[in-house]
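Step one of this worksheet: look at the structure below.
The values are calculated or read from the model by the stated rules, or taken from the named source; none is laboratory data. Being a predicted model, the structure only gives us computed values, none of them experimental. Because the Cβ atoms are built from the backbone with ideal geometry, glycine has one as well, and the counts that use them run over all protein chains shown. These area figures cover heavy atoms from the full protein model, side chains too; ligands, DNA and RNA do not enter into them. Shrake-Rupley method; radii C 1.70, N 1.55, O 1.52, S 1.80 Å.
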Amino acid sequence: MPEEIGLNHYLLLGALLFVCGAVCMASKRNAIGVLMGVELVLNGATVNFVAFAHFNPAFVIEGQVFALFVIVMAAAEAAIALAIVLNFYNNHLTVDVDTAEELKG
Amino acid sequence: MSFQVFLFYLLAGLTGLCAISVVVTQNIVRAAAWLLFTLAGVSGILFFLGANFVGATQLLVYVGGTLVLVVFGVMLTAQGPFITMKTGAAEWAVSTLVGLLLYGVLATAILTRTKTNDFATGPATQQGGELTRSTVLGESLLGIEQATPKANVTGVPAEKRKDLPSKGERSPVGYLLPFEIVSVHLLVVLIGAAYLARTKRRRQAEGGQPAPRVEGS
């Protein structure tokens, strides 16, 4: 095991979160599960931003500011997505994304 | 192995395990609980990186706000068959394969970074310890503090960079306006969400109830 934690460790953790989120988005049938996948992806991006900010002296502030933006955007996205899911549930009495096929050609 | 390294591996391992559990579990309520631990672990990682304000914001906004929204969504919709919706074995195989391949690509790209991209071998000690205080973060949002002290990668030409005012004057690189825009955006989005999620009983009564459709599982 290395004696010092480098940038690669954080990048690997961020990549793991990203991949988990992507697989979650692809494989879950519950619409809220898909939303959880999006949250995981955004968290991976946050980890990457702050890790780069910590290890690159030119981006000490920028990385943290963009991480804040990502967090706020994630809150907005979660609010809108949950409103759409609840609306879909009210109209169709299901949250299965496979049944949302009215726009299918 | 120093205590710092041990703490990082403990934190990162727990966060990664919780993230994998979010994907693997079929119960949506348990997935929400695992997501809670993942977000808390990510905020711990942010604290570990010295980004105290971002870590605190992560705890407040994500764990306290967004996750409560998600849990409310789970509670309002988790009825009967929707708590555990099984994914097919073929879909699992394909998504796991794609996920492993994606992680392989990302890990290869991370671990084989060339030395020219390796801009820093260690943490920004002389700048980082002082600059990551939340006071300085707020000052750089206002443009009082120079946001990019060593900005040689932001695309600003070297001859233009000399015109930037020194510390104490107002710097043109402040992030207050984007921050305000994001705040107003969040307000607009929340109003829109409240509008979208409201009940429409009267319209349904006029147009007749939509046919209930419970398909799958």
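Here are some notes:
- Residue count for the range B:95-112 satisfying the condition of being hydroxyl-bearing (Ser, Thr, Tyr) and open to solvent by less than 70 Å² (accessible area, probe 1.4 Å): 3.
- Lone unmet requirement of (1) open to solvent by less than 10 Å² (accessible area, probe 1.4 Å); (2) more than 7 Å from chain B (Cβ to nearest Cβ) for A:THR94: (2)
Okay, residues lined up against (1) over 16 Å from A:VAL38 (Cα atoms); (2) open to solvent by 70 Å² or more (accessible area, probe 1.4 Å); (3) more than 8 Å from chain A (Cβ to nearest Cβ):
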{"position": "B:VAL23", "(1), (2), (3)": "no, no, no"}
{"position": "B:GLY41", "(1), (2), (3)": "yes, no, yes"}
{"position": "B:GLY44", "(1), (2), (3)": "yes, no, yes"}
{"position": "B:ASN52", "(1), (2), (3)": "yes, yes, yes"}
{"position": "B:VAL70", "(1), (2), (3)": "no, no, no"}
{"position": "B:ALA78", "(1), (2), (3)": "yes, no, yes"}
{"position": "B:ALA90", "(1), (2), (3)": "yes, yes, yes"}
{"position": "B:ALA93", "(1), (2), (3)": "yes, no, yes"}
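- When the test is whether a residue is more than 9 Å from every other protein chain (Cβ to nearest Cβ), without any contact (Cβ under 8 Å) to a residue 40 or more places away in the chain and farther than 30 Å from B:LYS86 by Cβ, B:LEU59 passes it.
- Condition met for A:ALA76 (facing chain B (nearest Cβ under 7 Å), among the aliphatic types (A, V, I, L, M) and under 18 Å from the mean Cα position of the chain (by Cα)): yes
- Verdict on A:GLY33 being of a type in the set (Gly, Ala, Ser), assigned to a helix (DSSP H, G or I) and more than 7 Å from chain B (Cβ to nearest Cβ): no
- Residues in the range A:36-60 that are open to solvent by less than 10 Å² (accessible area, probe 1.4 Å) and in contact (Cβ under 8 Å) with a residue 12 or more places away in the chain: A:MET36, A:GLY37, A:GLU39, A:LEU40, A:ASN43, A:GLY44, A:THR46, A:VAL47, A:VAL50, A:ALA51, A:ALA53, A:PHE55.
- Qualifying residue in the range B:67-82 (condition: outside any helix (DSSP H, G or I) and touching a Lys or Arg at 6+ places or on another chain (Cβ under 9 Å)): no
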